[in-house]
Structure formats: structure tokens, C-alpha cells
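The values are calculated or read from the model by the stated rules, or taken from the named source; none is laboratory data. Quantities reported herein were computed from a predicted structural model and do not represent experimental measurements. Cβ coordinates were reconstructed from backbone atoms using ideal geometry, including for glycine residues, and neighbour counts include every protein chain displayed. With ligands, DNA and RNA removed, areas are computed over all heavy atoms of the protein, side chains included. Shrake-Rupley method; radii C 1.70, N 1.55, O 1.52, S 1.80 Å.
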Amino acid sequence: MAQRETWTSRIGFIFAAVGSAVGLGNIWSFPFQTAANGGAAFLVVYLLAVFLIGFPTMMVEFVIGRRGEQNPVAAFGKLGYGNWSFAGGLGVLSTLVTLSFYSVVGGWVLSYIVGSATGAYFGDAGAYFGSVASGPTAIAAHGIFMLVTIGIVASGVTDGIERATKFMIPAILVLLVALGAWATTLDGASAGYSYYLSPDFSVIANNFGSIVPPAMGQAFFTLSLGFSVMIAYSSYLGRDDSLPADGGAIVVVNTMVALLAGFVVFPLLFATGGAEGAGGGAGTAFIAIAGAFGQLPAGGAIGFVFFAVLLFAALSSSISLLEVPVSYVTENYGYSRSTTAVAMGLGIALIGVPATFGTSWLGFYNDVVFKLLLPISVFLLAVFVGWVADTEAVDELGRGSTIGESFTTAWLWWVRVVVPLAVVVTLYLGIDALYTGLTNGAYF
Ligand code: PHE
């Protein structure tokens with residue numbers, strides 16, 4: 001069997017993992033979830049979830065991946081706990097569902113790049129969304145987005161993923177900073193900042209049950225946790241760098257990108273109205289953002305840059321979503337990478353087709369992943385690492401790093417107790433919301 005690929009450098013791994021983390025979640029979903037859940041109050045809960053639960057969970061996936069040195073299903077067997085393979089398998093399942101609709105939204109982004117160039121959304125932003133978000137245009141754009149994703153993954157871990165993300169991540173950072181600087185010049189800037197940054201703690205207290213699940217779901221989603229992605233990516237490490245240091249860098253850069261996106265989106269929305277319109281769901285953020293660009297001087301050119309950033313972010317994530325099932329099938333069944341990437345990519349594209357019929361399917365896919373699959377998968381991984389493979393996990397976390405025993409012990413207990421508890425609460429609230437949505441016809 002061919003030698004397993006590894007990242008060419010430590011920075012290559014960090015770029016790829018940041019690429020996975022930075023995505024539609026940061027630039028599209030984060031601002032609109034913030035708008036939907038009380039502005040700065042949501043931001044506070046989200047940041048707590050990222051650092052207190054997300055970061056330790058990333059270490060959970062890293063220790064499994066680097067020690068297992070296999071795809072996320074086989075890794076468990078390699079560690080000597082083959083009967084836990086289903087936990088990695090659940091992550092693989094989540095990547096299939098997620099990529100299917102992620103690519104549909106990626107297709108919308110493509111249409112918005114075109115619309116920025118042609119000015120097609122300047123007149124009636126809502127009508128433009130309606131014309132590209134479902135129907136033949138949506139299917140075609142979804143197909144194109146998936147083909148690009150397939151092309152990168154088929155080229156391999158270093159020649160495809162590492163090379164693409166080394167270009168896209170710096171581009172995203174530079175362009176977002178430039179957009180943030182432009183946003184300071186807008187009339188709505190100060191109203192936008194204050195909505196975004198001055199938390200009203202009574203909002204948190206009164207809406208705890210409705211803020212925590214989306215904040216926690218968003219924290220996992222934005223860090224690509226619970227999808228076995230970080231297991232797969234850390235399995236290509238092949239060297240002993242410090243996992244906490246790498247993970248810390250990834251979490252910090254990812255958070256910076258989300259915060260920066262807020263510094264662009266909120267002034268923009270307040271320059272032409274307010275944030276209320278943006279929080280209504282998947283499509284409203286596109287309508288509100290494009291609508292604002294349509295009204296501003298040079299809005300087309302700036303919108304073009306904004307949606308190009310969004311496209312890079314979406315692609316650098318979609319490739320990680322495809323890499324997980326591809327690594328599983330190539331390693332466990334011996335098919336070639338390129339054949340597998342094409343076959344799986346096209347199959348996943350088919351699963352996504354219903355999401356081009358209307359945004360309610362998309363919302364349903366999204367909620368099943370956020371509220372059900374993700375928390376269950378994180379719960380299983382935390383229990384596995386905390387209680388089953390704990391000795392190996394602690395040893396692996398310490399390898400290549402100078403962190404002391406007190407850090408690894410604290411982490412272990414955190415993973416044993418706090419992470420599962422937090423996830424169970426989220427799961428309970430999430431299932432409740434999913435059930436309510438299904439019974440009151442919110443989806444179909
Ligand atoms: N983290 C990505 C985002 O924020 C989404 C993603 C989730 C990508 C899981 C890969 C795996 O958009």
C-alpha cells in the first residue's frame with residue numbers, strides 16, 4: 001500500500017486546519033446567528049463556548065488522530081479500541097450531510113460573485129436571492145462548487161489541500177482586514193459596533209435556553225469539531241509538534257476571522273438599516289448583506305471582494321469535509337484517491353439536491369447536524385478519550401510539547417466531566433427545538 005501522505009510543514013498543517021475552521025460558519029452564519037440571538041449577548045456565550053469547550057475538544061480529536069495515524073474510522077482500531085470505530089463513523093456521516101448542503105450555499109456564493117460583477121442584485125436583493133437560491137441556477141452553481149472541491153481533494157493532501165489553503169487563508173485575512181477598514185468609514189459604523197460589542201447581560205439571563213444551543217453548536221461547527229475532520233487532519237502530522245500550541249493558534253485565528261467578519265457585516269447592515277433583517281435564517285443574511293452593498297457607492301466592487309472572501313472560506317472548508325470520507329474509503333477499501341474523490345463528491349452533490357428546492361430543506365439538514373449529530377459525536381469522543389483511552393490520550397497530548405502534567409491532568413478531567421455535561425445540556429435543548437420544529441411544521 002502507498003505510503004501515507006503527511007503535511008510538508010507545521011505551518012502547512014495549521015493553514016489546512018485553519019482553512020477547515022474558517023468557513024461559511026465564520027463569515028455568514030456567525031454574524032447572522034449573532035443578529036438572531038441578541039447581538040453582543042450571543043457573542044459572549046459563543047466566545048466562552050469556543051475557548052472553554054471547543055479548544056479542549058479540539059485536543060480530543062488531535063490526540064486520536066495523531067496517535068491513530070489513520071482515517072477517523074480506522075484510527076480507533078489502530079489504538080486498540082476497534083469497537084469504538086462507530087464514533088469516528090458518525091463524524092464521517094456528518095461530513096456527508098454537511099457537505100451536501102454546504103456546497104449548495106457555496107453555490108449561492110458563486111452566484112453572488114457574479115451578481116456583484118453584473119449588478120444583478122442592486123435593484124431588488126430579495127428577488128435576486130429567490131432567483132439563485134433554488135431551482136436550476138442553484139443546482140448548477142452547487143455542481144460547480146462541488147467540482148472545484150473534488151478537484152482539490154483529488155490532488156492530494158499536500159498538492160491539493162495544503163497548497164490551496166496556503167493561498168486562500170492569507171488572502172482571506174488580508175482582504176477581511178481591508179474590508180473592516182472600509183467599514184469604519186460607513187455611516188452606520190458606530191451603531192453597528194455598539195450592537196455587536198455592548199452585551200446586555202439581562203438578554204443572556206432571560207434567554208439562556210435559547211442562546212446556549214446555537215452558541216455551542218456554532219462553536220463546534222466553526223472549529224470543525226464533531227465531524228472527525230480534526231482527527232483526519234492531525235493523522236497527517238507525522239511529527240511531534242505541540243498539539244496545544246497548534247490548536248491554540250488555530251482557535252485564535254479562527255476566532256479573529258469571525259470577529260473581523262462581524263466588524264464588516266454590522267457596520268454594513270447599520271449603514272442601510274439595521275441588523276434585525278439579517279437574523280431570520282439562512283437566506284436573510286444574503287439578502288440583507290447584498291441589499292446593503294447595492295445601496296452603497298462602489299458597493300458592487302466591494303461586494304465582489306466580500307463574496308470572493310466568502311468563497312475562499314467556503315472552499316477551504318468544503319475540501320476538509322470531502323477529505324474525511326475520501327480518506328476513509330481510500331484507506332479502508334483501497335480505491336484510488338482521485339476515483340474516490342469524484343465518486344463521493346458526486347454522490348454527496350446528489351444528496352444536496354433537495355436543499356436546492358428551497359431553504360426549508362437546507363434549514364432542516366443544518367439543524368439535524370447542529371442539534372443532533374454534532375453533539376452526539378462530541379459526547380462520544382469525549383467519553384472515549386476521557387474514560388476509555390485516557391492513558392494514551394494524556395501521553396499523546398504531552399508529546400512534543402512543554403506543557404506540564406498539571407495541564408494534561410486538568411484537561412483530562414475537563415474532558416471527562418465538563419465537556420460531556422455541557423454537550424448533554426446542549427443536546428437536550430437541541431432535540432427539544434428540533435422536535436418542536438418538526439411538529440409545528442417549521443421545516444416542511
Ligand atoms: N468550520 C467550517 C465553517 O465554519 C465548517 C466545517 C465544519 C467545515 C465541519 C468542516 C467540518 O464554516
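The figures follow:
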| read-out | value |
| --- | --- |
| Heavy atoms of Trp413 accessible to a 1.4 Å probe, total area in Å² rounded to 10 | 130 |
| The chain: relative contact order as a whole-number percent, Cα under 8 Å and 6+ apart | 33 |
| Carbon/sulfur fraction of accessible area - the stretch 10-439, other protein chains in place, 1.4 Å, % | 69 |
| Relative contact order %, the stretch 43-98, counting alpha carbon pairs below 8 Å whose residues are six or more apart | 19 |
| Cα pair distances of the stretch 28-68 binned at 5 Å [whole percent] | 6, 22, 20, 15, 14, 10, 8, 5, 1 |
| Percent of Cα-Cα distances greater than 22 Å, calculated over the stretch 55-169 | 54 |
| Net lengthening on full extension, Asp395/Val353 (0.36 nm per residue, minus Cα-Cα) | 10.7 nm |
| For the stretch 121-192, projected area of the alpha-carbon convex hull averaged over all directions, nm² | 7.2 |
| Helix-only [θ]222 nm of the chain, DSSP H runs n ≥ 4, -39500 (n - 2.57) each, per residue, nearest 500 | -23500 deg cm²/dmol |
| The chain: radius of gyration and largest Cα-Cα distance (Dmax), Å | 20.7, 61 |
| Protection proxy ranking, peptides 229-242, 166-179, average beta carbon neighbours within 10 Å, highest first | 229-242, 166-179 |
| Euclidean distance between Cα centres, the stretch 307-339 to the stretch 31-94, Å | 17 |
| Computed lengthening from Val424 to Ser406, 0.36 nm per intervening residue step minus Cα-Cα distance | 3.8 nm |
| The stretch 225-380, relative contact order [Cα under 8 Å, separation at least 6], % | 28 |
| Kirkwood hydrodynamic radius over Cα pairs of the stretch 315-369, then Stokes diffusion coefficient at 25 °C and 0.890 mPa s, in µm²/s | 198 |
| Size of electric dipole in the chain: Cβ of Lys, Arg +1 and of Asp, Glu -1, about Cα centre, debye, nearest 20 | 360 |
| Dipole-positive endmost among Gly151, Val324, Tyr233 within the chain (Cβ charges, Cα centre) | Gly151 |
| Surface per residue (accessible, 1.4 Å probe) for the stretch 1-126, Å² | 29 |
| The stretch 349-399: chymotrypsin sites (Phe, Trp or Tyr not before Pro) falling in loop per DSSP and having at most 15 other Cβ within 10 Å | Phe357 |
| With eigenvalues of the C-alpha gyration tensor scaled by 5 and rooted, the stretch 241-315, Å | 29, 14, 11 |
| Potential lengthening between Leu47 and Thr184 on full extension [0.36 nm per residue; Cα-Cα distance subtracted] | 47.0 nm |
